[in-house]
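**Q** One structure, pasted below without further comment.
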Amino acid sequence: MATPYTLHPSVPSTPPPRLDYRAALNAEQHRVVTEGDGHVLVLAGPGSGKTRTLIYRVAYLLERGVPPSAILLVTFTVKAAREMLARVEGLLQQRPDGLWGGTFHHIGNLILRQHADRLGLTPTFTILDEEDAGDLLAACLADLKLPTTERRLPQATVIGAILSLAVNTQRPIAQVVTAQYPYFAEAAPILERVAARYTQRKRQANAMDYDDLLLGWLRLLERHDDLRAQYADTFRYVLVDEYQDTNRLQFALVRQMGQGHGNILVVGDDAQSIYAFRGADVNNILEFPRQFPDTTIFKLEANYRSTPEILQVANVSIQHNRRQFPKALTTTRPAGAAPIVVPLVDTRQQAAFVAQRLLELRDEGTALEQMAVLFRARYQAAELELELTRRNIPYVIRGGVRFFEQTHIKDVLAYLKLLVNPADELAWGRTLRLHDGIGQVYAQRIWSRLQATVDPLQAAFHDAAGATLELPARARGGWQRFHRTLGALQLPEAPHQPGQVILEIVARGYRPYAEARFHDARDRLEDLAQLAAFAATYRSTDQLLADLSLREGFKGETITGWSPPDEHVVLSTIHQAKGLEWKSLFLLGMSDGQFPHPKSIDDQEALEEERRLFYVAVTRAKDELYLTYPLTRYSSQTGEVLMRPSRFLQELPETILDHWSVQVADPAFDD
């Protein structure tokens, strides 16, 4: 029988040719790749090829005989690490086996698995995800017999956010609460007790949460000289991507891992540091040369994305920040159109203009997926969503759900549904379950009693104590809180002034609920204030709900005659858009008091971060940039309010912008 295979003598493989770095890189990138030893800060402007530079730096080290196991590459997503390592493999035509690449948390997990005993754990410790951590915190609240139904005590998920921020910013819990959760200031001592119990129960369960992966890693290095020396000897080159987004805990880890060899190369852009609310500290990158006095600074200023006109807006704007590393983006792209500023009468005309221009650009040959609409705050796109739906323009919300589909928006609108249709069982269930002590069972019991009456809403109004409902004490407390909020529907103006009713619903009960339940309660309450302003433009509550019901059903179905069927425009907050790019870009709400955020006006550091946010938004655009703002906005409390253009627009010379005027009577924008 013949063998099913043929043997061939082994032939020595030919090593791949060495890379031509000068041909593959520009002069700035080449210097980083070939001269990047020691403490190195690479200031990489948007669209400057920082990922390519990092990849070639790794390849350069490997080609010169540095073992893969001696390189530590820290990224902010696992996907980014995998893509970088795959591209290194493609360049060298061999796998860089042994190279450590991944997020801070991924690397921390690998190290802790080897030395868990030093922290009183076993190598098989469990990692708690966000849901698991919330459940354990809830158990800690129960252990301590704390009054979780009290207004000024946050729920477990919010406590988790507070504790996480304290760990990552290396600040005391009380300080975090005072700065970002002031409405829970009196609860700070209780939160300290919860944190202590949480730590104890994690240890008992042989478990760690995500923050522990970093905190435990740092403690190993700080408390055990042998481990610090071991890893300093193992990792002779530490490379960190997106360094402007690191927090104080991550900075401490980078410093510890670089002790001994001193080869720390960090890549980032101080002008793109926009995540302070998550704990990122721009001082990590601004103070890098002071922390490491022998630092070499390289600048990647050649932008391969945007036209010169767009970059000029970015360069001029960021110059107004006092604390920064000066740099000026340049491009080899030919001249294009100047960025366009478009003042509109109000937010409705702003939405109509953007929708109309999207269609015009598509007719001119730009596909919808090459266009995006960005905004500072989520609520700014509410009317645009309705306008896009009305015109059958498919869209997606990046990193979130549509404005009117968000939990807090639907919660408050459910109260209005009771006013318009007291027989709406789903609305009764949703609003009742918002109150502690009322779950699915008791909500159904309450509805069964109310349903048997002539008018469920009037029956609810007249039973403030829940006397006819036969509820236990805890559920009666929930009913009484529900009844106070429901009182907003008794206002004489309720049927005709939905904006005012929404404000009353929030004030009477939903505000404390949101503060206790959501870690981003401030943003959600701002959304609700803008929902009230939007609703105030309607003359009846039933018309508001009818419009929302008719328009929210559109989910981006195929438009007749359009292809491909999945074509859509992207709507996104600026924070969610970082790292992305589009051919045509619209930036909404460029009015003072909307962008920059009003709370940043009197805080220099906050205002500079807002300007960095504007810089990030502008540099997402490749060919066309539209900056729109409403001249007026409607407030449910004060009526029509005049708006000024954003100070970020006022800081720009008129000569670098184009200005369009949209006539009110133009039928294209007639609502």
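The values are calculated or read from the model by the stated rules, or taken from the named source; none is laboratory data. Given the structure is predicted, the values throughout are model-derived calculations rather than measurements. Note that each Cβ is placed from the backbone with ideal geometry, even for glycine, and that neighbours are counted across all protein chains shown. Side chains are part of the model used for accessible areas, which takes the heavy atoms of the whole protein and leaves out ligands, DNA and RNA. Shrake-Rupley method; radii C 1.70, N 1.55, O 1.52, S 1.80 Å.
**Q** Give the range 259-310 a look and list any residue that's buried (at least 23 other Cβ atoms within 10 Å of the Cβ) and more than 27 Å from the chain's Cα centre (by Cα), or say none.
**A** Result: Ile264, single match.
**Q** I'd like the residue in the range 85-115 that is among the aliphatic types (A, V, I, L, M) and without any contact (Cβ under 8 Å) to a residue 40 or more places away in the chain and, out of all such residues, is least open to solvent (accessible area, probe 1.4 Å).
**A** In this case the residue turns out to be Val88.
**Q** Tell me, which residue of the range 612-627 that is open to solvent by less than 10 Å² (accessible area, probe 1.4 Å) and in a helix (DSSP H, G or I) is nearest to Pro334 (Cα to Cα)?
**A** Val618
**Q** Which of the following residues is within 29 Å of Arg391 (Cβ to Cβ), modelled with pLDDT under 95 and open to solvent by less than 20 Å² (accessible area, probe 1.4 Å): Glu640, Glu567?
**A** Glu567 is the lone residue from the list that is within 29 Å of Arg391 (Cβ to Cβ), modelled with pLDDT under 95 and open to solvent by less than 20 Å² (accessible area, probe 1.4 Å).
**Q** Let me ask something else about it. So Ala187 clears everything in (1) more than 24 Å from the chain's Cα centre (by Cα); (2) more than 21 Å from Ala514 (Cα to Cα); (3) in a helix (DSSP H, G or I) except one condition, right? Which one?
**A** All conditions are met except number (2).
**Q** Please state which of the following conditions Gln200 fails to meet, knowing it meets all the rest: (1) open to solvent by 60 Å² or more (accessible area, probe 1.4 Å); (2) free of Cβ contacts under 8 Å to residues at least 60 places away in the same chain; (3) touching a Gly at 6+ places or on another chain (Cβ under 7 Å).
**A** So Gln200 meets the others, but not (3).
**Q** Let me ask something else about it. I need the full set of residues from the range 502-529 which are surrounded by 17 or more Cβ atoms within 10 Å (Cβ to Cβ) and outside any helix (DSSP H, G or I), in order please.
**A** Phe518, His519
**Q** Quick check on my filter: what residues within the range 645-654 are within 19 Å of Ala381 (Cα to Cα) and either at pLDDT below 95 or open to solvent by 10 Å² or more (accessible area, probe 1.4 Å) (or both)?
**A** Across the range 645-654, the qualifying residue is only Pro645.
**Q** Test each condition in (1) modelled with pLDDT of 95 or more; (2) under 26 Å from Asp523 (Cα atoms); (3) touching a helix residue (DSSP H, G or I) at 6+ places or on another chain (Cβ under 8 Å) for Gln180 and report the one that comes out false.
**A** Single failed check for Gln180: (1).
**Q** I would also like to ask the following. Name the pairs whose Cβ atoms lie under 8 Å apart, with the first residue in the range 31-50 and under 17 Å from Val66 (Cβ atoms), the second assigned to a loop (DSSP other than H, G, I, E, B) and acidic (Asp, Glu), and 6 or more positions between them or separate chains?
**A** Between residues of the range 31-50 that are under 17 Å from Val66 (Cβ atoms) and residues that are assigned to a loop (DSSP other than H, G, I, E, B) and acidic (Asp, Glu), the close pairs are Gly38/Asp294.
**Q** If the requirement is being part of a helix (DSSP H, G or I), touching a residue at least 24 places away in the same chain (Cβ under 8 Å) and small (Gly, Ala, Ser), which of these qualifies: Ala423, Ala427, Ala382, Ala414?
**A** Ala382
**Q** Six or more apart or on different chains, Cβ under 9 Å: which pairs go from a residue in the range 519-545 that's within 15 Å of Leu416 (Cα to Cα) to one that's crowded, with 22+ Cβ neighbours inside 10 Å and acidic (Asp, Glu)? Could you list them?
**A** Hits for this filter: Phe534/Glu383.
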